[in-house]
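Below: one structure, written as structure tokens.
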């Protein structure tokens with residue numbers, strides 16, 4: 001099935017710093033979705049990207065879909081303790097299946 | 001968020017027990033899913049139902065038996081489980097089964113002794 005690679009697996013960030021997590025596919029995607037799972041919680045939908053090169057922002061979070069629609073990134077600026085959790089990308093392939101990446105688990109040093 | 005509910009939230013069972021997990025969605029969706037999430041492992045899709053019909057079964061052992069009596073309810077029947085089946089079991093729903101946004105329930109934390 002569709003393989004979606006997420007890197008890094010773990011991200012340890014100093015509070016106030018920026019970081020980026022990446023999602024890569026070997027095939028062209030129909031769209032890509034991002035989810036966040038807080039510790040002890042469940043995945044919650046954040047955003048969906050559909051168009052080539054699309055960029056969307058949610059406060060300090062910037063999501064980008066690659067020009068070739070094979071990769072995506074999530075950039076968080078000025079990391080806060082509320083950003084702790086695991087961020088999953090989920091790729092919708094052209095056969096209309098949604099495949100989740102392994103996630104990037106973020107911890108924040110105060 | 002109460003769009004997707006799951007019961008029980010926690011479950012401890014022996015390997016010879018039979019139990020069932022319940023999921024209910026209040027979003028008017030047509031597709032429902034069961035996922036397994038183990039520690040330090042990615043989400044594993046187990047079953048997909050669309051309009052009460054199973055459309056995907058990802059090589060899940062027969063000790064897990066899903067049931068979808070209607071588009072709002074989904075069950076996962078468990079019997080003779082193994083300790084390695086201990087995990088968080090997440091239910092999700094979406095408008096359709098074609099890769100639309102999924103809405104997750106809070107999960108059932110299962111411990112098999």
Item to complete: State whether the residues of region A:21-32 include one that is within 14 Å of chain B (Cβ to nearest Cβ) and surrounded by fewer than 15 Cβ atoms within 10 Å (Cβ to Cβ).
Response: yes
Worksheet item: Which ones in region B:88-105 are over 11 Å from the mean Cα position of the chain (by Cα) and either surrounded by fewer than 21 Cβ atoms within 10 Å (Cβ to Cβ) or touching a residue at least 12 places away in the same chain (Cβ under 8 Å) (or both)?
Response: B:94, B:95, B:96, B:97, B:98, B:100, B:101, B:102, B:103
Worksheet item: Looking only at strands (runs of 3 or more DSSP E) that fall completely inside region B:38-113, which ones have 1 or more residues that are away from every other protein chain (no Cβ under 14 Å) and at pLDDT 90 or above?
Response: B:44-50, B:64-70, B:73-79, B:108-112
Worksheet item: Filter region A:39-51 for residues that are in contact with a strand residue (DSSP E or B) (Cβ under 8 Å, 6 or more places away or on another chain), surrounded by fewer than 20 Cβ atoms within 10 Å (Cβ to Cβ) and assigned to a loop (DSSP other than H, G, I, E, B); which is nearest to the other protein chains (Cβ to nearest Cβ)?
Response: A:41
Worksheet, complete the sentence: Selection from region A:94-110 of residues surrounded by 15 or more Cβ atoms within 10 Å (Cβ to Cβ) and within 16 Å of the chain's Cα centre (by Cα) yields A:98, A:99, A:100, A:101, A:102, A:103, A:104, A:105, A:106
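The values are calculated or read from the model by the stated rules, or taken from the named source; none is laboratory data. Note that the structure is predicted; figures quoted are calculated from it, not measured. Cβ sites come from the backbone with ideal geometry, for glycine too, and all protein chains shown count toward neighbours.
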